Each structure stands twice: as C-alpha cells, then as structure tokens.
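> Sharing a structure, written as structure tokens. Questions coming.
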Amino acid sequence: MSKINPISGFPEWLPGQRLVEQYVLDRIRRTFELYGFTPLETRAVEPLDQLLSKGETAKEVYLLRRLQDPASEGDALGLHFDLTVPFARYVVENAGKLHFPFRRYQIQKAWRGERPQEGRYREFTQADIDVVDRDTLPLHYEAELPLVVGDALGGLPIPPIRIQVNNRKLCEGFYRGIGVGDPEAALRAIDKLDKIGPDAVAALLVETAAATEAQAKACLALAEISSTDTSFADAVAGLGVRDPLLDEGVAELVRVIETGNEQAPGLLVADLRIARGLDYYTGTVYETQLAGYERFGSICSGGRYDNLASSGTDQFPGVGISIGVTRLLGLLFGAGALTASRSVPTAVLVALADEESRPVSDRVAAALRARGIPTEVAPSPAKYGKQIRNASRRGVPYVWFPESGEVKDIRSGDQVPADPSSWTPPAADLTPQVLSTADRMTDAE
C-alpha cells in the first residue's frame, strides 16, 4: 500500500484520547440532562441558501452533491457549519409537536472549511444547549445558559474557564447613537479585534461600516470596557452616548452579570469587545476563555437570536450556547495536559494456561462482566510473564489466574485469592480515569 497522508483538519484521536473524549461528552450530557434539556439530533445537511444567509460563512460551507450530478444552485445542499441553524429549522418544521419553552441539547459533528491550525478543525464535535419559546423568551434564560456550561466544564479536570458576555443591543445602540452608517458591519468588524488588532479594525470600520475616524475611535473605546461586576454600565454611560437600544442592552447585560455573580462568582465577565460574527444574534452573546489557552480564542460561544426560527407570523426566539468539544480537547491533547489512565476499558485480563482451558477462562470473564467489570481473556496461551506484560503495556491493572483462583494487581504485585462472583476492583480501577497534568504529578509523588 502506498503511503497514506493524513488530511489536515479532520482529527482522529488515539484510543486513550477517545476514552477521554467519551468521558467529557458523558459529563456534559449528564449535566445538560440535570438541567432538563432533552436530546436531539438533526440531519447533517441544510439547503445551501439557508446556510449562506447567516453571516460570513460562504467560504466555510462544504457543498454536498453526488459526483455524477451537475452543479445546481437551486437545490444545492451543504454540510451544517454549526448546530443552531439546523435546530432553528427543526423547530419551525416541528412546532406543532413540541412543548414550549423547548429545552434541547445536541451533541453532534459539524463542518467548516477553515484553515486548519491548532484548536481549529474542519470536522469537529459541538455540544449545544438552546431554549426556544413561542413569540417571546424571558431574559432569565440568557443568564441560565452560561451557568449550565460552567457546571458542565467545572466538573472536568481542565483549567478554569471565564465566560465573556456582551449584548448586541448595547453595541448596536451605541453605534446608532454616534451615527455609524452600518451598525451590523461595525459588529462584524469589532468581532475581528482579537485577530487583526485595533488599527486594522479602525480601518475596517471606516471601509465597511461607513464610520468616520472619530466614530471608529469611539467604537474601539466601547470595546475596551470590561468588568467582572456591573461597573461596566457606568463606563458605558461615561462615553456620553444616548440611544434607547443602548439603554436596553445595558440593562439586560446588567441582569445577566448580576445573576452570574450571585450563583457562580467569578464565572462571568462583561466584555464589550465580544460581538460574534454571525448575523442572527440579536441580544446577549457569549465567548469563553480557557485559562492558559487564551491565545487560541473561544472554546464555547453562543447568544440570543430572535429571528432565526420564524415562519410567516410565527416567531420562535431562542438563546443557545455551544461547547467546542473537539477544539477544547485538541488544545489540551496538544499540550499533553489531559490523558486517560489507560488506553483500554479493560480492568481485568483473564490469563490463559492453554487452549483447552479457554472455556474456564471464558466463564471467569463472563462472571466478572455480569457484575459490570470490563474483562477480556488473553488472546493466546503465552507464558504468564508475557501475558502480564501485555496487560501492563495497555494499562490493564489486574490479571486473573483461573487455575489458582487468584487475581493479581500487576502494579503493586499483590496477588490474592478471589471469587469472580463477588470480587470487585476499587472504583478508581473499574473504568479508565481522566487525568490532568497536575493529577499525574500528584500520583508520581
């Protein structure tokens, strides 16, 4: 076979990394369900015109068609680049069958034609939660969602997170108040602040948002405001701009930050440079920094959308937030900061004396599995030392010897009589443990 070259941007984890991913997904899933979110999965494709109407996405969408089919714009399909657009479509199509407010979670792959780099992939898994309602959606959901994410990620052995919150009404009202010609273009320009810097953003505001140099300077001054409490409101007022939409956005952001500080002190920060580049956001928006990995950008984002899910006179406003699971894990794997205690689920390897005794070993394994202990039988009747080394290389902690009715902890060397109908390993050995760098250092000591 000729040499196979990997395709960049489409990650394939090693077995131990996949076990870590499964652990993380299980933790996220359990947390979402604790808060009453119900699972959902949508199709992988959406009509291309729908995908291209949601902001600056044209260069990122993968087109889907059969090789023999002629190109056709009218019925073209694209792979979804996030889970919010397909979810909004799903709500509209199934509104008569859903109970509102509808709380859903969705853990699924998405695809974007981005330039692959550390923490950015073309195929990736996202874990989303959204709440949608009919006609109106109370503000308290905008405060609740980041708290759910804080709970989900806070229970993992990863660095702490900080969720940055802003409100697009605040920004758009400010831009209108100072007379910027195209407030939406201004939002898209400010969204690039961390990528291209203030000077380039100022030029972009003049070029794309019909802003004067003075207006561009004012936009950048607003983006510099940040606080862990509600003092940001005084800083905004100090800029001397008046607009009803601005006042509404400030009031909403104050309520979100107050709720966050009451229930999870230190988790939220008001950061007025957060804009989110997708056009469908209309209110609160979120981005999330992972401590020590801030230079790689947000690992969890989302916001309020009032007009994304609509059909005729029916409106289904919503708010959602999405954890970039592949992005998060890719950064931690790349830094060697997260690993599994072993690369296989197996807790016990049942030794095999010879092929004639395989039925005996199989019965021991079956008895252990019946009690929830992950077990496998040795693949061949090699010398016991070789079977033990095989288990050790894969991190399997115990080897069972049917002939003597004993089980051996191959890490300590302790070997004791045991009955497969009653013996149970310690809880920490039953399944692979997910360890951070700090955990491994502690274990080594």
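The values are calculated or read from the model by the stated rules, or taken from the named source; none is laboratory data. As the structure is a prediction and not an experimental result, all values here were calculated from the model. When we count neighbours, we look across all protein chains shown, and the Cβ atoms used for this are built from the backbone with ideal geometry, even at glycine. Accessible surface is based on the protein model in full, side chains and every heavy atom, while ligands, DNA and RNA are left aside. Shrake-Rupley method; radii C 1.70, N 1.55, O 1.52, S 1.80 Å.
> Considering only the other residues whose Cβ falls under 11 Å of the Cβ of residue 7, what net charge follows from Lys and Arg at +1 and Asp and Glu at -1?
-1
> Take the alpha carbon atoms of the stretch 66-149, find their radius of gyration, then divide it by 2.2 N^0.38 Å using N residues; give the quotient.
1.40
> Distances longer than 17 Å among the Cα atoms of the stretch 220-297: what percent of all pairs is that?
50 percent
> When all C-alpha to C-alpha distances in the stretch 270-309 are sorted into bins of 10 Å, what percent of pairs does each bin hold, rounded to whole numbers?
28, 51, 18, 3
> To continue, here is another question. How large is the convex hull of the C-alpha atoms of the stretch 281-334 per residue, in Å³?
Output value, Cα hull per residue: 74 Å³.
> What number results when the radius of gyration of the stretch 362-445, computed over Cα atoms, is divided by 2.2 N^0.38 Å?
Cα-based Rg divided by the globular estimate yields 1.16.
> Continuing with this model, one more query. How large are Rg and Dmax for the stretch 1-153 when calculated on the C-alpha trace, in angstrom?
17.9, 60
> What distance in nm lies between label points placed 7 Å from Cα along the C-beta direction at residue 67 and residue 416?
About 6.1 nm, to one decimal.
> First obtain the Kirkwood hydrodynamic radius of the stretch 303-445 from its Cα pairs, then insert it into the Stokes-Einstein equation at 4 °C and 1.567 mPa s, and state the resulting D in µm² per second as a whole number.
71 µm²/s
> Please sort 96-102, 390-396 by packing, taking for each peptide the average over its residues of neighbouring beta carbons within 10 angstrom, highest first.
Order by mean packing, descending: 390-396, 96-102.
> In whole percent, how big is the carbon plus sulfur part of the accessible area of the chain, probe 1.4 Å, protein atoms only?
Its accessible area is 51 percent carbon and sulfur atoms.
> Note down the relative contact order for the chain as a percent, whole number, built from C-alpha pairs under 8 angstrom at least six residues apart.
17 percent
> May I pose another question? May I ask which of 59/169; 195/217; 169/192; 383/408; 59/195; 59/217 have a Cα-Cα span longer than 20 Å here?
59/169; 59/217
> How big is the antiparallel share of DSSP beta bridges in the chain, given as a percent to the nearest 5?
Of those bridges, close to 85 percent are antiparallel.
> Taking the alpha carbon gyration tensor of the stretch 108-182, what are the square roots of 5 times its eigenvalues, largest first, to the nearest whole Å?
Semi-axes, largest first: 28, 21, 15 Å.
> Can I ask one more? Please express the shape of the chain as an equivalent ellipsoid: the semi-axes are the square roots of 5 times the eigenvalues of the C-alpha gyration tensor, given largest first in whole angstrom.
50, 25, 21
> Using only Cα atoms, find the angle between the long axis of helix 193-208 and the longest principal axis of the chain, and express it within 0 to 90 degrees, rounded to the nearest 10.
30 degrees
> How large is the helix-only mean residue ellipticity at 222 nm for the chain, computed as the sum of -39500 (n - 2.57) over DSSP H runs with n ≥ 4, divided by its residue count, in deg cm²/dmol to the nearest 500?
Taken over the chain, the calculation gives -11500 deg cm²/dmol.
> When you take every Cα atom in the stretch 112-269, what is the radius of gyration, and what is Dmax, the widest Cα pair distance, in Å?
Calculated on Cα positions, Rg and Dmax stand at 17.4, 48 Å.
> Based on the mean of other beta carbon atoms within 10 Å per residue, what is the order of 422-432, 313-323, most packed first?
Ranked from most to least packed, the peptides come out as 313-323, 422-432.
> In whole Å, how far is the Cα centre of the stretch 330-397 from that of the stretch 105-149?
Result: 38 Å between the Cα centres.
> Quick one: what Rg and Dmax do you get for the stretch 9-62 from the alpha carbons, in Å?
16.2, 40
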